[in-house]
Amino acid sequence: MIRILVPCFNEASVIEKTYAELTEIMQQDSRNNNYKYELLFVDDGSKDNTLSIIRQLAQQDYAVKYISFSRNFGKESAMYAGLKASVEAEALIILDGDLQHPPTLIPQMIKYFREGEDQIVAKRDRAGENLIRKRVSQLYYTIINKMVDVTLEDGVGDFRLLSQRAVKEIVNMGEYNRFSKGLFAWIGFEPKIIEYQNVNRVDGESKWSFSSLLNYGIDGLISFNNKPLRAIIYLGLFICGMSFLYILFNFIYTINYGVSTPGYFTTIFSVLFLGGIQLTSLGVIGEYIGRIYYEVKQRPLYIVRQTNLNEQEVE
Ligand code: UDP
Ligand code: MG
């Protein structure tokens, strides 16, 4: 059985359309290639009637499964829930509920899967996006790939097919601070890439604001290694070195020419500059401690309120 995982948060306006498109494609492809499929909708605590629509679909169509959370836990949690409930599927395809991930690519993904690929990734171009955002993300990926151990690719999102063993590896990583993009890269299974043209949202609105993108960027940096901590050490050493030279210079100067009082600029500069560096460094260290804090609590990533999957699957 091949399962399609669709995380949904307030998608009432498009979810039926998504269902209709997925069903059309999947019915045809599963008949032609003789396999079973299921659509698993994970309702991430939607406040509109996304859940009631999904439940209605489930009544009409046996292939529709759903998990519904007790509140909004975020897309990462929704995906994790879906992955965890799908370790029995021979393959899992993750796609957004807002039709930004064209379901028409699915048959091609399944074809590659049958040829033995473990990870097939759909990569979008950035057409239709404004130039600033395009440049900023390019820059971000150039920088981040220098810093993290895994290679993160631009335009690659969560839209992908994972084989059963890839799903199991992702599920094994039960960490609380989830940065899926990194996790997908971390497990390896060199992805096969299919390119597609960027699609704008059909309806509803994106849940990404500029600040959430910025936070996502920082998450990407910090959740994957400790290089920022290393960078602080180097920065500290560099500043120590510079200070030493400056002090030496001043010492020699004072011995030769005596004390000359004016020093307002250097004093203010060093106070502000060092203060800034110290605060930033504390922030970086704090980020890591914060993550440890959440990780050691061992809280569940989500709480299920309703589902039509059987108990062992959701567990
Ligand atoms: N989503 C979710 N939980 C959230 C936010 C989003 O499950 O807290 C889902 C949403 O329903 C959609 C997908 O994640 O299916 C991508 O969300 P969105 O379209 O807002 O992001 P974008 O496409 O702009 O990256
Ligand atoms: Mg979207």
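Highest mean first, how do 3-14, 236-247 rank when packing is the count of other Cβ atoms within 10 Å averaged over residues?
3-14, 236-247
For region 130-171, what class follows from the C-alpha gyration tensor (a ≥ b ≥ c being the square roots of its eigenvalues): rounded when a/c is under 1.5, otherwise prolate if a/b is larger than b/c, else oblate?
Because a/c hits 1.5 or more and a/b fails to exceed b/c, region 130-171 counts as oblate.
Each label point is 7 Å from the Cα along the Cα-to-Cβ direction; what then is the distance between the points at Ile218 and Ser137, in nm?
Simple spin-label model gives 2.1 nm for this pair.
FRET efficiency for Ile268 and Asp154, Cβ-Cβ distance as r, R0 = 35 Å, nearest 0.05?
Efficiency, rounded to the nearest 0.05: 0.25.
I'd like the FRET efficiency for Tyr294 and Tyr246, computed as 1/(1 + (r/R0)^6) with the beta carbon distance as r and R0 of 35 Å, rounded to 0.05.
After rounding, the FRET efficiency stands at 0.25.
If you take the Cα Rg of the chain and divide it by 2.2 N^0.38 Å, with N the number of residues, what do you get?
Computed over Cα atoms of the chain, the ratio equals 1.28.
What is the calculated FRET efficiency for Lys47 to Val87, with r their C-beta to C-beta distance and R₀ = 30 Å, to the nearest 0.05?
The calculated FRET efficiency here is 0.50.
How large is log10 of I(q)/I(0) for region 17-77 at q = 0.15, 0.23 Å⁻¹ when the intensity is taken from the Debye formula with one equal scatterer per alpha-carbon?
Summing over Cα pairs of region 17-77 leads to -0.51, -0.96.
Roughly speaking, to the nearest percent, how much of the chain's 1.4 Å accessible area is carbon and sulfur?
The C+S portion of the solvent-accessible surface of the chain is 57 percent.
Give the dimensionless ratio obtained when the Cα radius of gyration of region 239-307 is divided by 2.2 N^0.38 Å.
2.16
Stretch Lys227-Thr261 to full length: gain in nm at 0.36 nm per residue minus the Cα-Cα span?
8.1 nm
Please report, in debye to the nearest 20, how large the charge dipole of region 50-133 is about its Cα centre when each Lys and Arg carries +1 at its beta carbon and each Asp and Glu carries -1 there.
Dipole size: approximately 260 debye.
Is there a pair in Lys47/Lys84; Lys134/Lys297; Lys36/Lys168; Lys146/Lys297; Lys84/Lys192; Lys47/Lys123 whose C-alpha atoms are over 28 Å apart, and which pairs would that be?
Lys134/Lys297; Lys146/Lys297; Lys47/Lys123
What does the helix-only formula give at 222 nm for the chain: each DSSP H stretch with n ≥ 4 adding -39500 (n - 2.57), the total divided by the residues, and the result rounded to the nearest 500 deg cm²/dmol?
-17000 deg cm²/dmol
With angles folded into 0 to 90 degrees, how steeply does helix 131-147 sit against the dominant principal axis of the chain? Use alpha carbons for both and round to 10.
Rounded to the nearest ten degrees, it is 70.
At 7 Å along the Cα-to-beta-carbon direction for both Lys146 and Asn200, put a label point, then send me their distance in nm to one decimal.
According to this spin-label approximation, the distance is 3.5 nm.
Taking just the alpha carbons, could you work out the radius of gyration and Dmax for region 164-262, both in angstroms?
25.2, 76
The values are calculated or read from the model by the stated rules, or taken from the named source; none is laboratory data. The shown structure was predicted, so the numbers you read here are calculated from the model rather than taken from an experiment. Please note: Cβ atoms are built from the backbone with ideal geometry, for glycine as well, and neighbour counts cover all protein chains shown. The accessibility values were calculated without ligands, DNA or RNA, using every heavy atom of the protein model including side chains. Shrake-Rupley method; radii C 1.70, N 1.55, O 1.52, S 1.80 Å.
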